[in-house]
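Some notes on the structure that comes next.
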Number of protein chains: 2
Amino acid sequence: MDEFGIIKKYFRPLTMGRDELLDDTGVLPPRRAGEDLVITSDSVVEGVHFLSSASPADIAHKVLRRNLSDLATSGAKPLCYQLNLVFPEKPRDAWLAAFSGALLKDQKKFGLYCSGGDTSGASGRLFVSITAIGTVPAKKVLRRSGAKPGDHVILTGPVGDAFIGLQMLTKQIKPVHENYFVNAYYKPVPRTANVETIRKYAAAAIDISDGLVADLGHVCEASKCGAEISLVPGIFSDKARRVGLKPAKLLTGGDDYELALAVRPRHSAPLLKALKAQGLKPVKIGAFRKGTGVRVLDQNGRKIDLQKTGWRHF
Amino acid sequence: MDEFGIIKKYFRPLTMGRDELLDDTGVLPPRRAGEDLVITSDSVVEGVHFLSSASPADIAHKVLRRNLSDLATSGAKPLCYQLNLVFPEKPRDAWLAAFSGALLKDQKKFGLYCSGGDTSGASGRLFVSITAIGTVPAKKVLRRSGAKPGDHVILTGPVGDAFIGLQMLTKQIKPVHENYFVNAYYKPVPRTANVETIRKYAAAAIDISDGLVADLGHVCEASKCGAEISLVPGIFSDKARRVGLKPAKLLTGGDDYELALAVRPRHSAPLLKALKAQGLKPVKIGAFRKGTGVRVLDQNGRKIDLQKTGWRHF
């Protein structure tokens with residue numbers, strides 16, 4: 001099967017009936033009045049963002065969900081995405097079926113379609129880049145820059161599970177509840193189902209895929225303030241706590257796709273209540289303050305020294 | 001300089017003052033009434049789409065212009081683009097300055113801005129993926145599927161110059177007018193300035209970056225018809241003709257960014273006249289007909305056998 005055969009068989013179904021997208025350009029659906037479109041991109045490369053042992057479904061879930069998480073960060077619902085693939089070599093049918101099947105499953109789960117893309121090869125390394133488009137009520141997009149001193153720092157769920165998954169996958173630590181942790185690494189759940197609630201109560205948002213401390217630092221920088229967080233109960237999952245890695249590792253390891261939110265104090269309780277009702281395990285971990293930077297306190301109120309704040313590519 | 005420093009110094013200027021795009025998501029400008037948005041993607045990888053000897057400016061021009069050509073194919077004007085980069089290693093300042101400088105130059109030339117993107121590394125190979133967004137009057141998007149038997153096949157300019165450029169770069173043939181041909185390879189001119197005229201007169205369009213015969217074949221397939229073209233004067237540039245490569249090579253080599261258009265016979269003369277007035281060298285090379293596939297005739301009306309119709313990745 002050649003390139004065009006592959007596109008027809010495996011990628012056409014991702015347009016969910018919009019066959020005109022097989023042209024080089026897709027047309028976005030007419031925008032509804034009072035709606036803004038937001039756009040985001042995220043790429044993954046073998047050996048950098050996923051292990052060579054990753055299954056095609058793992059890769060598909062991870063790259064699409066990373067993008068959906070960025071949409072959720074801005075308070076947007078998913079609309080569609082462009083899929084750009086460079087294959088390391090001519091791909092096998094089983095690989096293509098598993099990869100495109102996983103994308104289709106996520107499309108249905110999260111409510112979006114593939115608006116087009118690009119395939120090429122052969123480069124020796126798998127490269128997948130997705131650009132996703134979402135919709136948000138006009139002028140309601142959530143930004144990093146909306147935090148104020150006094151705002152609470154609320155996480156939509158515990159951090160560190162994905163980092164533990166990666167440590168288990170790379171045999172750095174003994175596997176316990178391995179499926180749970182590996183799923184956190186490869187199949188994070190972007191918070192797209194919770195964006196109405198988040199938009200209603202949060203003043204700023206970011207996802208914490210680069211590591212909680214680093215990403216919270218981005219909010220501080222954009223909002224011209226600092227933050228202080230501490231190791232409150234619920235910041236790590238019970239399973240993570242039992243693994244026994246140092247808290248500093250879990251706070252800075254990255255690959256988590258919970259959101260860190262800045263929330264005015266009066267909105268804190270209703271937000272926590274609403275997110276819990278939606279099945280999440282949100283937790284208030286601290287507050288924004290005057291100054292700069294993120295300070296992390298342990299259970300006893302002592303400052304933790306962090307050697308790094310998050311993932312850096314270079 | 002770390003990743004975030006690099007983004008600030010070299011990529012922030014590409015947003016042309018829209019600093020909010022440094023968030024993970026960008027907001028598209030409000031759409032005007034009566035306007036559709038179109039979306040397209042194209043990626044390039046070292047060793048596949050450009051040579052390891054390519055300069056950062058060559059790479060920047062090529063990948064952005066490939067996308068702009070796809071927008072032109074659909075009759076759209078450029079609006080913005082997402083820039084996704086995976087660096088082979090930590091990039092040097094001089095490389096970043098030249099790469100981002102070339103993008104900024106093209107942004108000004110073609111009238112668009114960078115709406116965001118993603119950088120990561122280090123993967124051992126340079127990957128650049130761009131997703132571009134354009135605007136077109138509502139329901140006026142040009143498609144591959146609009147050709148009818150009897151329509152003329154019109155090229156917006158001669159084919160084969162880029163293929164000759166590549167042959168010279170790879171020392172397959174002796175360099176003559178090397179700058180001219182290498183520019184055709186690395187700095188093709190997307191036909192975005194001519195889209196109003198093209199939309200007015202053409203019934204279908206495609207760019208011929210995979211090779212004229214292959215891409216014309218895509219139009220035939222989508223339009224459920226065939227086409228017959230011949231080696232008329234003007235199908236190759238005078239410089240290309242003097243290089244003396246076989247016509248079959250020039251027709252199928254790829255990397256050209258002229259458009260192949262299907263044009264109703266009554267629109268043929270006004271289209272040719274208008275494009276000439278805009279400084280192009282358009283040429284009528286044949287007609288669509290009943291049946292399937294693309295037949296190529298030489299100057300004497302004899303069928304040319306093509307071993308391949310265009311570029312295939314695998």
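Laid out as a table, the results:
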{"item": "Any pair with Cβ under 6 angstrom, 6 or more apart, that starts in region B:132-154 at a residue that is closer than 10 Å to B:VAL263 by Cα and more than 11 Å from chain A (Cβ to nearest Cβ) and ends at one that is of a type in the set (Ser, Thr, Tyr) and buried (at least 17 other Cβ atoms within 10 Å of the Cβ)", "result": "B:ALA147/B:SER223; B:HIS152/B:SER268"}
{"item": "Sole exception among (1) within 30 Å of B:ASP23 (Cβ to Cβ); (2) touching a helix residue (DSSP H, G or I) at 6+ places or on another chain (Cβ under 6 Å) for A:ASP23, by number", "result": "(1)"}
{"item": "The one condition in (1) farther than 27 Å from B:SER53 by Cβ; (2) more than 14 Å from the chain's Cα centre (by Cα) that B:HIS177 fails to fulfil", "result": "(1)"}
{"item": "Members of region B:195-217 found to be among the small types (Gly, Ala, Ser) and outside any loop (DSSP other than H, G, I, E, B), listed by number", "result": "B:ALA202, B:ALA203, B:ALA204, B:ALA205, B:ALA214, B:GLY217"}
{"item": "Number of the exception - A:ALA54 against (1) under 21 Å from A:GLY254 (Cβ atoms); (2) within 17 Å of the chain's Cα centre (by Cα)", "result": "(2)"}
{"item": "Candidate set: region A:210-236, residues that are among the acidic types (Asp, Glu) and crowded, with 23+ Cβ neighbours inside 10 Å; chosen: the one farthest from A:THR156 (Cα to Cα)", "result": "A:ASP210"}
{"item": "Matching strands (runs of 3 or more DSSP E) fully within region B:65-169 where at least 2 residues are buried (at least 21 other Cβ atoms within 10 Å of the Cβ) and out of contact with any strand residue (DSSP E or B) (no Cβ under 8 Å at 6 or more places or on another chain)", "result": "none"}
{"item": "Residues being surrounded by 23 or more Cβ atoms within 10 Å (Cβ to Cβ) and small (Gly, Ala, Ser) - total across region B:37-64", "result": "3"}
{"item": "Only listed residue being farther than 23 Å from B:ILE304 by Cα, out of contact with any Pro (no Cβ under 6 Å at 6 or more places or on another chain), crowded, with 22+ Cβ neighbours inside 10 Å and not assigned by TED's automatic domain parsing to the domain that holds B:ARG66, chosen from B:LEU271, B:LEU261", "result": "B:LEU271"}
{"item": "Qualifying residue in region A:254-262 (condition: under 30 Å from B:PHE87 (Cα atoms) and small (Gly, Ala, Ser))", "result": "yes"}
{"item": "A:ALA33 vs. criteria touching a Pro at 6+ places or on another chain (Cβ under 6 Å), within 11 Å of chain B (Cβ to nearest Cβ) and more than 24 Å from B:PRO88 (Cβ to Cβ)", "result": "no"}
{"item": "Residue count, region B:170-189 (criterion: in contact with a strand residue (DSSP E or B) (Cβ under 8 Å, 6 or more places away or on another chain) and under 25 Å from B:ALA277 (Cβ atoms))", "result": "0"}
{"item": "In region A:170-191, residue nearest to the other protein chains (Cβ to nearest Cβ) [restricted to those that are free of Cβ contacts under 8 Å to residues at least 40 places away in the same chain and outside any helix (DSSP H, G or I)]", "result": "A:GLN172"}
{"item": "Unmet requirement for B:PHE127, which otherwise passes all of (1) more than 30 Å from B:ARG31 (Cα to Cα); (2) modelled with pLDDT of 95 or more; (3) at the interface with chain A (Cβ under 9 Å from one of its Cβ atoms)", "result": "(2)"}
{"item": "Any chance B:GLN167 is more than 14 Å from chain A (Cβ to nearest Cβ) and farther than 18 Å from B:ASP210 by Cα", "result": "no"}
{"item": "Unmet requirement for A:SER43, which otherwise passes all of (1) without any contact (Cβ under 8 Å) to a residue 60 or more places away in the chain; (2) touching a strand residue (DSSP E or B) at 6+ places or on another chain (Cβ under 6 Å); (3) facing chain B (nearest Cβ under 10 Å)", "result": "(1)"}
{"item": "Verdict on B:GLU196 being under 23 Å from B:ARG66 (Cα atoms) and without any contact (Cβ under 8 Å) to a residue 60 or more places away in the chain", "result": "yes"}
{"item": "Qualifying position, being in contact with a Lys or Arg (Cβ under 6 Å, 6 or more places away or on another chain), over 17 Å from B:GLN82 (Cα atoms) and of a type in the set (A, V, I, L, M), among A:ALA97, A:ALA72", "result": "A:ALA72"}
{"item": "Top-ranked residue in region A:49-64 [being in contact with a strand residue (DSSP E or B) (Cβ under 9 Å, 6 or more places away or on another chain) and assigned to a loop (DSSP other than H, G, I, E, B); ranked as nearest to A:ARG32 (Cα to Cα)]", "result": "A:HIS49"}
{"item": "Qualifying positions in region A:16-30 - crowded, with 22+ Cβ neighbours inside 10 Å and at the interface with chain B (Cβ under 7 Å from one of its Cβ atoms)", "result": "A:ASP23, A:ASP24, A:THR25, A:GLY26, A:VAL27"}
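Matching residues to (1) more than 29 Å from B:VAL182 (Cβ to Cβ); (2) at pLDDT below 90; (3) of a type in the set (Lys, Arg); (4) under 13 Å from the mean Cα position of the chain (by Cα):
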{"position": "B:LYS9", "(1), (2), (3), (4)": "yes, no, yes, no"}
{"position": "B:PRO13", "(1), (2), (3), (4)": "no, no, no, no"}
{"position": "B:LEU37", "(1), (2), (3), (4)": "yes, no, no, no"}
{"position": "B:ASN84", "(1), (2), (3), (4)": "no, no, no, no"}
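The values are calculated or read from the model by the stated rules, or taken from the named source; none is laboratory data. Predicted, not measured: the structure shown is a model, and the values here were computed from it. Here the Cβ is made from the backbone with ideal geometry for all residues, glycine too, and neighbour counts use every protein chain on show.
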